[in-house]
Ligand SMILES: [Zn+2]
């Protein structure tokens, strides 16, 4: 483990501690507000970290949810780039988003530091390389689009990663990034217990502001940056009501209060930040 002495976003050496853990502190840069882990492991340890056990614990690869999310990302890309081409997935894991890309007509290529992830993706006949993006030395201007799905928070230098994506994208190429939102309602409510901190695996904790600044620093023009609200579903409401009232009364309660609940839910979604940030940006022409 080594100490991070300067903010990768603004260069400031001044930070304040938000949360202390055994292996690292989570600190906030006084200069720009970027939140990051004050100690990071050496790169060679990362392959070991993202083992078979890690993927079994954290990912439901190949699930319907993963396929649906992948299709959603492809739709977003296709809004910006109707003509599909070469797609790069940085931190591709077992290749769920590569599969979605393939099915949508892209020519996808994945990169991941985890040997296990690369093996899983290759078993699905996907084109995937093991290592960091920087170590690939892809040709400049060679991809039409790049995605990074909940991967930037695992990087030890996310600005360097974004710069390298920028180099490999053609002018006019589109970048899509998603990451947990430390400005989101769950992070604020749960504080040190927020599961987006995932100490030892996540090293950077972005808000919309700091993610936008990181992408701009790497040379991108922001097209769209939003947080995805965590919406209380009708089912959750029904379950809560049902627990208190029992089934027969639930329908009546829903008639009486349903509209109120919906309005409260919409107001909450409008006024608090969602738990994930999604960014779409372009390498300027
Ligand atoms: Zn800073």
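All of the numbers you see were taken from the coordinates with simple rules; none came from a lab. What you are looking at is a predicted structure, and each value in this text was computed from that prediction instead of being measured. A quick note on method: Cβ atoms are made from the backbone with ideal geometry, for glycine too, and the neighbour counts reach across all protein chains shown.
A few notes on this one:
- Between region 64-122 and region 21-44, the alpha-carbon center distance in angstrom: 29 Å
- Rounded to the nearest 5, the antiparallel percentage of DSSP beta bridges internal to region 1-156 is 50%.
- Alpha-carbon centroid distance for the pair region 131-150 / region 187-212, whole angstrom: 25 Å
- Exposure proxy order (Cβ contacts within 10 Å, fewest to most) of 179, 65: 65, 179
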